[in-house]
1. What are the trypsin sites (Lys or Arg not before Pro) within region 152-206 that DSSP puts in a loop, where the Cβ has at most 10 other Cβ atoms within 10 Å?
2. Compute the FRET efficiency between K157 and A41 as 1/(1 + (r/R0)^6), taking r as their Cβ-Cβ distance and R0 = 41 Å, and round to the nearest 0.05.
3. Under the 0.36 nm per residue contour assumption, what length would be gained going from the current alpha-carbon distance of H167 and A204 to full extension?
4. List the residues whose amide H sits under 5 Å from the amide H of T26, counting only those 5 or more places along or on another chain, with H placed 1.01 Å from N in the peptide plane.
5. Can you list, bin by bin at 5 Å, the percent of alpha carbon pairs in region 2-217, starting at 0?
6. At q = 0.11, 0.19, 0.20 Å⁻¹, what log₁₀ I(q)/I(0) does a Debye calculation on the Cα points of region 76-192 give, no solvent, two decimals?
7. Which lysines does K217 reach when only Cα atoms under 19 Å apart count, and residues fewer than 8 places away in its own chain are ignored?
8. Which of the residue pairs K2/K68; K2/K95; K2/K48; K44/K194; K75/K120; K14/K191 have a Cα-Cα distance greater than 22 Å in the structure shown?
Amino acid sequence: MKIFLDTANISEIKRAVDLGLIDGVTTNPSLLSKEGREPMAQLKEIIKLVSGPVNAEVVSPDAEDMVKEAGPLVKLGKNVVIKIPMCEQGLIAVKRLAEQGIKTNVTLVFSPAQALLAAKAGASYVSPFVGRIDDIAGNGMELVEQIVTIFDNYLFKTEIIVASIRHPVHFVQSAMIGAHIATVPFGVLEKLMKHPLTDKGIDAFNKDWEKLKNTLKK
Ligand code: E4P
């Protein structure tokens with residue numbers, strides 16, 4: 001499973017790139033807004049740091065303007081993927097961009113039917129938002145399972161990015177189900193590396209090592 005980082009924060013991206021674990025980045029208008037900087041400049045810097053796909057979202061309400069907005073974004077780098085919200089106009093924009101060879105990620109997917117339509121429109125990626133479904137007492141991972149089955153049934157090439165991941169269990173379930181990609185906030189990435197028994201084990205080994213060195217000194 002590929003791992004994307006779900007952030008627009010430069011220091012988080014630098015740390016994740018140093019770890020060598022990151023296959024791409026997803027941003028959205030809220031994440032860019034959190035950084036408080038001119039978004040094109042921020043995206044430019046992100047693209048310099050990341051060799052895999054970098055997702056930049058359009059905000060226009062109609063297809064024609066979405067396609068226009070995509071223009072300067074794709075010029076930022078070959079690895080830019082245009083994120084388009086799931087809606088009628090969005091699907092039209094996906095089709096037009098696909099015809100131009102531009103990669104798209106249909107975002108804010110909350111049903112298997114939406115994912116199927118996005119794939120048929122020519123989306124390179126679809127993003128089911130699991131955490132937001134769980135937040136309203138639904139089952140986000142069930143949606144991912146449904147999309148995996150549908151895409152397998154019809155051999156769609158569209159990749160599934162599990163988004164709105166809140167905790168390591170979402171990440172592990174994504175891999176068990178066979179999603180192509182999980183996009184994780186930096187805090188979740190940190191948690192994935194940790195286990196209390198690992199910390200306890202390291203501590204015990206270090207203490208025993210010190211004990212041995214002290215014994216040998218005597
Ligand atoms: C994905 O591409 C989105 O940026 C993101 O996962 C949304 O997550 P949230 O529900 O935590 O805002």
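Here, each number is a calculation from the coordinates, and none is a lab measurement. Computed from a predicted structure; not experimentally measured. Neighbour counts run over all protein chains shown; Cβ positions are idealised from the backbone, glycine included.
1. Values: sites: K157, R166, K191, K194, K200; in loops: K157, R166, K194.
Taking region 152-206 and a limit of 10 other Cβ atoms within 10 Å, the loop trypsin sites (Lys or Arg not before Pro) found are K157, K194.
2. The formula returns an efficiency of 0.80 here.
3. So the extension gain works out to 10.5 nm.
4. The list, which skips near neighbours in sequence, is L5, D6, T7, N55.
5. Spelled out per bin, shortest first, that is 1, 7, 15, 17, 18, 15, 10, 5, 3, 3, 2, 2, 1, 1, 0, 0.
6. -0.34, -0.96, -1.05
7. Here the lysines satisfying the reach criterion relative to K217 are K207.
8. K2/K68; K2/K95; K44/K194; K75/K120
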